[in-house]
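*Asks:* This structure is in structure tokens; I'll ask about it shortly.
Just so it is clear, none of the values below were taken in a lab; they were calculated from the coordinates. It should be emphasised that the depicted structure is a prediction, and the values quoted were computed from it without experimental measurement. Reconstructed Cβ throughout: ideal geometry from the backbone, glycine too, with neighbour counts over all protein chains shown.
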Amino acid sequence: MANNGRRAVKKKKGPSVGTGGHGRKALEGKGPTPKAEDRVYHKAFKNKQLAERSAAKRDTARPGQGARSGPKGRATEEVVTGRNSVVEALRAGIPAKALHVAIRIDVDERVRESLKIAAERGIPLLETGKPELDRMTDDAVHQGLVLQIPPYEYEDAYDLAEETVAKWKKGHIANAPLFVALDGITDPRNLGAIIRSVSAFSGHGVIVPERRSVGVTASAWKTSAGAAVRVPVARASNLNNALNQFKEMGIYVLGLDGGGDVSLPDLTLATEPVCIVVGSEGKGLSRLVRENCDQIVSIPIDSAMESLNASMAVGISLYEVSRQRAAK
């Protein structure tokens with residue numbers, strides 16, 4: 001067969017000449033492929049950012065009420081948003097700094113009543129654009145109405161107790177000092193209901209810890225039905241220290257718990273200066289608070305399977321204290 005004058009080159013068997021390692025880096029590649037949500041150009045990355053921003057907004061504001069944050073994340077003022085929430089807050093007499101009304105708002109009965117109550121109470125009415133309302137509420141649903149609530153001015157727990165004991169000893173108040181302290185309660189509606197009970201049974205104040213505890217929010221104001229105006233709420237930087245200080249002043253500390261040492265009808269300290277401590281419905285009194293109580297008092301109920309709501313337990317206890325004081 002003709003090969004056109006070319007001779008076939010026969011390849012040798014064995015290893016071929018290499019690069020001497022010069023192409024090793026190219027063979028190593030760029031490592032594992034990043035996740036889609038970590039690639040800045042990918043749609044999943046943008047979706048992740050949006051989800052994180054939405055989660056942050058949900059933590060700082062809820063429909064119906066929210067809080068604007070100040071330095072170090074501390075709430076500086078609260079806002080009530082939405083037509084139903086605003087008109088109910090105004091009806092309840094919650095202190096208000098200003099009522100913001102959207103420009104060209106679609107007026108209905110709730111808006112008319114809100115404007116009327118605000119005008120009667122002398123609350124400033126401010127016509128505000130939608131972008132500003134969105135900013136104030138962190139994009140919560142506001143329906144064109146936003147009520148600004150000033151921060152609650154808490155008293156100091158020690159100062160309140162000391163002042164009350166002094167007034168009682170001088171005869172300026174008839175009944176012995178009566179306080180309620182909250183241990184681990186985070187529901188503002190419970191706080192509002194407790195404030196209302198303290199007011200109804202001539203109590204002298206409510207004590208809340210500074211940390212991991214409910215504060216006087218718009219919801220607490222509303223549940224108290226105006227009693228928060230009459231009953232002071234004091235803060236304690238450390239509840240156990242405050243209870244020890246109370247005992248040094250001659251105030252007996254009574255903890256409410258299902259497995260108490262004393263049944264409520266058998267309570268003998270009702271006519272003395274008293275601070276009733278109530279824990280959360282789920283966990284009850286914390287260990288240290290329980291140890292600092294002079295007595296643990298239980299409320300007899302028919303079924304061992306049932307438990308009382310914190311505000312209900314306080315109301316029953318205050319009634320019994322009030323009954324025994326009246327019978328003295």
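*Asks:* Could you please state, rounded to a whole Å, how far the C-alpha centre of the stretch 90-160 is from the C-alpha centre of the stretch 257-328?
*Replies:* The distance from the Cα centre of the stretch 90-160 to that of the stretch 257-328 comes to 38 Å.
*Asks:* Taking the Cα centre of the stretch 268-328 as origin, work out the dipole magnitude from +1 charges on Lys and Arg Cβ and -1 charges on Asp and Glu Cβ, in debye rounded to 20. Mind dumping the intermediate values first?
*Replies:* Working: 6 positive and 7 negative charges, 32 e Å.
Dipole size: approximately 160 debye.
*Asks:* Separate question: Treating only the Cβ atoms of Lys and Arg (+1) and Asp and Glu (-1) as charged, compute the dipole magnitude of the stretch 101-216 about its Cα centre; round to the nearest 20 debye. Could the numbers behind the result be given before it?
*Replies:* Values: 14 positive and 19 negative charges, 81 e Å.
The calculated dipole for the stretch 101-216 is roughly 380 debye.
*Asks:* At a threshold of 8 angstrom on Cα-Cα distance, excluding pairs fewer than six apart, so keeping six or more, what relative contact order does the stretch 178-247 reach in percent? Write down the numbers at each step before the final one.
*Replies:* Numbers: 117 pairs, mean separation 26.2, N = 70.
37 percent.
*Asks:* Which ³J(HN,Hα) values in Hz, rounded to whole numbers, follow from the phi angles of the stretch 107-124 under the Karplus curve 6.51 cos²θ - 1.76 cosθ + 1.60, where θ = phi - 60° and Gly and Pro get x?
*Replies:* Result, rounded to whole Hz: 7, 10, 4, 5, 5, 4, 5, 4, 5, 5, 5, 4, 5, 5, 8, x, 7, x.
*Asks:* Here is a follow-up. Below 12 angstrom from the Cβ of THR271, what's the summed charge of the other residues (Lys, Arg +1; Asp, Glu -1)? Walk me through the numbers before you get to the answer.
*Replies:* Working: positive: ARG323, ARG325, LYS328; negative: GLU272, GLU320.
That sum, taken over residues with Cβ under 12 Å, equals +1.
*Asks:* In percent, what relative contact order does the stretch 199-302 have, based on Cα pairs under 8 Å that are 6 or more apart in sequence? Could the numbers behind the result be given before it?
*Replies:* Numbers: 135 pairs, mean separation 29.3, N = 104.
Relative contact order comes out at 28 percent.
*Asks:* Return the Rg/Rh ratio of the stretch 251-309 with Cα-based radii and a Kirkwood Rh. Mind dumping the intermediate values first?
*Replies:* Values: Rg = 11.3 Å, Rh = 11.8 Å.
Using only Cα positions, Rg/Rh for the stretch 251-309 is 0.95.
*Asks:* Step through the residues of the stretch 163-176 one at a time and calculate ³J(HN,Hα) from phi using the Karplus curve (6.51 cos²θ - 1.76 cosθ + 1.60, θ = phi - 60°), rounding each to whole Hz and writing x for Gly and Pro.
*Replies:* 5, 5, 4, 5, 4, 5, 5, 7, x, 6, 10, 6, 8, 4
*Asks:* Next question. Let me make sure I get this right: for the stretch 275-328, a, b and c are the square roots of the gyration tensor eigenvalues over alpha carbons, sorted descending. Under 1.5 in a/c it's rounded, otherwise prolate if a/b > b/c, else oblate. Which is it? Before the final figure, lay out each step's value.
*Replies:* Values: a/c = 2.12, a/b = 1.25, b/c = 1.70.
Oblate is the answer for the stretch 275-328, as a/c is 1.5 or above yet b/c matches or exceeds a/b.
*Asks:* Using each residue's phi in the stretch 128-145, evaluate 6.51 cos²θ - 1.76 cosθ + 1.60 at θ = phi - 60° and report the 3J(HN,Hα) Karplus result to the nearest Hz, with x for Gly and Pro.
*Replies:* 10, x, 4, x, 5, 5, 4, 5, 4, 9, 6, 6, 6, 6, 10, 6, x, 10
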